[in-house]
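The values are calculated or read from the model by the stated rules, or taken from the named source; none is laboratory data. Keep in mind that what you see is a predicted model, and the values were worked out from it rather than measured. Quick reminder, even Gly has a Cβ in these numbers, built from the backbone with ideal geometry, and neighbours come from all protein chains shown. Each accessible area value is taken on the protein alone, full model and side chains, heavy atoms only, with ligands, DNA and RNA left out. Shrake-Rupley method; radii C 1.70, N 1.55, O 1.52, S 1.80 Å.
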Amino acid sequence: MPEFSTETEQRSTGEARAGRSRGTDYSRRVFASVFDMLPNEDNPSPMVRINRLNPNANFQLFAKLEWLNPFGSVKDRAAWAMLRDLLERGEVGNGRGLVEPTSGNTGISLAAMAQAMGLRMRAVVPNKVPLEKKVLLKIVGAELDVLNDALCPAPGLGDGSINLAKTHAKASPHRYVMPNQYENPKNVEAHLHTTGPEIWRQTEGRVTHVFASLGTCGTVTGVSRFLRSKNPNIKVIAVQPSEGHDVPGLRNISQLDVSKLFDRSCIDEILEIDYELAYRRALDLCRAEGLIAGPSSGLILEGALRTVAQAGAGCGVMIFPDNIFKYVSSMIKHLPQLASETEA
Amino acid sequence: MSNTYAHPEVLVSTDWVKENLNNPNLRLVEIDVDTKAYDAGHIPGAIGFNWQTQLQDQVGRDIISQAEFEKLCSDSGISPEHTVICYGDNNNWFAAYGFWVFKVYGHRDVRLMNGGRVKWLNESDKPLTTDKPQWPAVTYRSPGVDASLRALLPEVMAAVSSGKYNLVDVRSPDEFTGKVIAPPGMSETAQRGGHIPGAKNVPWSTAVNPDGTFKSPDELRSIYLEQKGVDPKKDTIAYCRIGERSSHTWFVLKYLLGLNNVKNYDGSWTEYGNLVGAPIEKP
Ligand SMILES: Cc1ncc(COP(=O)(O)O)c(C=O)c1O
């Protein structure tokens, strides 16, 4: 049987580079390895227009669907950039793998990538992370540490999962290196080099507003720096859940001091939104738009709708971090009626 | 007023511990609520104690008995002559509780490592290991219980009715006012919210800097004595929810500020807030 040529192979030939117009390089979507599926300007994650939920006919609103990345979330980008950097610097291999504090998505991306390269990966997660993500981490082969973070250490000390991951890296350096998504500049660079350029090209430079959430802040900082370098008038709007929230992956401003990548100057406005709306808007997205988006996307949608309702004309892009499949237990907790009539 | 703690010898720095790692007169003890931290990595030579299972009686609600304490020290290779350095997770809350238990059973020289495990962890020159020490077992004899360090319920009730004590409630403002009974996610709670009548709310974290070390003597004096009105001429009882955060403040009041008669009420709100008929203040 003749072998298919893969996208990577085609791209590397001069013919492919010269003969193909922009955006069609990946048209057949045949890849040599899962790593070649990772997003970049030539292989962007899709953008879909919001049609029924958008109240402003003059404002085009798009959702950028990050769950269509190969390991299921926006964190594929940061994970890949950090791992590639460690590989290039010879920091992993010979029994040395990764340890990382994560609310789930970074861990899932890193663990799947590490396993595909034969590297170990230890994920340190707070107990409040939904069960689905903990089990997914084990499915993709991560060693798992679950931490009771409810004790809330004093401000400034970092949280328990960050400190436990640091402990592993320091006490067992022959086994672990810690990428540290909260401080690693590669997390920002990932979005500077992929998400930002993708949005610029996908909107043909027409983007006026970007809507993102705040976790490590890699997304918002990287995207903002790239897009503002193209057009300083682009508005970058971040959403944060109200205090006491349990929206996985996100941080309220009061919890942001551990995110060394948070740069307030990259953000025009931070909207605080009742965290219950994260769950309700996720449901709206599924039911009204057919978009199977998770709770952080729900929060972003709410922030975008508030902005769009008051704006004139424009073109907005919401970066939807992941999909709803990992949040069945969270959805039931916040919307208990979803669990009714689920048994015969 | 000089800018020194009243009993500076009970507090050691991470640098001091590093310089003394090979000092045979020392025993380091890491005391955690979640011993995953100790297992993942601890200071070389440090023994690990689990606050819940090793420092508390496993049947009745109490600290471990004198015999259990003696056995724990004996098996761990701690003799009465050792200088014991406690440190731990969660800002030394549980290390302070351990320090208190050592003092209750009359250990002569016990100290706290300022800043706890997080400070050590974040200093690049401080090593961690997963190797567990094998100190030779010894025979530990406690000189007996120092009851002056511990407040039991009758004394707390007397304090409420006499008004002659400083009652220091070190919980968060929301626990103090009764808006919540316990911080979210905590399993130990009470039937009622609020605080012991006459108590002053000085959350434990008031005593520490952002890096987890204790504030300076002048700052501590200004906060507790001037701003919060703790009267140094009175006896003092510190309490929280289960007695671990209050050990931290007990340490501050007794050793750093040098107040005369300071007791830790380890029954704390999970005892008091469950009592039938006890007076409660709830604004
Ligand atoms: C579900 C989810 N939403 C949003 C975010 C936030 O992205 P970032 O860390 O780039 O700020 C994360 C990642 O931490 C996430 O897992």
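Determine, yes or no, whether B:Ala207 is crowded, with 16+ Cβ neighbours inside 10 Å, at pLDDT 95 or above and within 14 Å of chain A (Cβ to nearest Cβ).
Working: crowded, with 16+ Cβ neighbours inside 10 Å: yes; at pLDDT 95 or above: yes; within 14 Å of chain A (Cβ to nearest Cβ): yes.
Against the criterion (crowded, with 16+ Cβ neighbours inside 10 Å, at pLDDT 95 or above and within 14 Å of chain A (Cβ to nearest Cβ)), B:Ala207 qualifies.
Residues in segment A:50-97 that are away from the ligand (no atom under 16 Å from the Cβ) and of a type in the set (Asp, Glu) were compared, and the one that is most open to solvent (accessible area, probe 1.4 Å) is A:Glu88. Return yes or no: is A:Glu100 assigned to a loop (DSSP other than H, G, I, E, B), at pLDDT 95 or above and within 16 Å of A:Asn180 (Cβ to Cβ)? No; evaluated as a whole, the condition is false for this residue. Scanning segment B:182-193 for residues that are open to solvent by 50 Å² or more (accessible area, probe 1.4 Å) and away from chain A (no Cβ under 14 Å) turns up B:Gln191, B:Arg192. Scanning segment A:228-265 for residues that are over 18 Å from the mean Cα position of the chain (by Cα) and of a type in the set (A, V, I, L, M, F, W, C), we see that the one that is nearest to B:Val118 (Cα to Cα) is A:Ile253. Annotation note: of A:Pro179, A:Pro241, the sole residue that is more than 30 Å from A:Arg306 (Cβ to Cβ), within 15 Å of the ligand (Cβ to nearest atom) and buried (at least 22 other Cβ atoms within 10 Å of the Cβ) is A:Pro179. Per the listing A:Thr203, A:Thr194, A:Thr221, the residue uniquely crowded, with 17+ Cβ neighbours inside 10 Å, among the polar types (S, T, N, Q) and within 11 Å of the ligand (Cβ to nearest atom) is A:Thr221. Looking at A:Lys133, A:Lys128, A:Lys170, just one residue is under 30 Å from B:Gly88 (Cβ atoms), open to solvent by 30 Å² or more (accessible area, probe 1.4 Å), outside the structural domain of A:Ser254 (by TED's automatic domain parsing) and within 16 Å of the ligand (Cβ to nearest atom), and that residue is A:Lys128. Checking each residue in segment B:87-145 for being within 20 Å of A:Lys170 (Cα to Cα), aliphatic (A, V, I, L, M) and outside any loop (DSSP other than H, G, I, E, B) picks out B:Met113, B:Val118, B:Leu121. Of the residues making up segment B:51-97, those that are small (Gly, Ala, Ser) and within 14 Å of another protein chain (Cβ to nearest Cβ) number 3. Tell me yes or no: at least one residue of segment B:142-163 is within 13 Å of chain A (Cβ to nearest Cβ), buried (at least 19 other Cβ atoms within 10 Å of the Cβ) and within 27 Å of B:Asp62 (Cα to Cα). No. The residues of segment B:18-40 that are over 17 Å from B:Leu55 (Cβ atoms) and surrounded by 22 or more Cβ atoms within 10 Å (Cβ to Cβ) amount to a single one, B:Ala40. Out of B:Trp100, B:Trp135, one residue alone is buried (at least 24 other Cβ atoms within 10 Å of the Cβ), modelled with pLDDT of 95 or more and away from chain A (no Cβ under 14 Å). It is B:Trp100.
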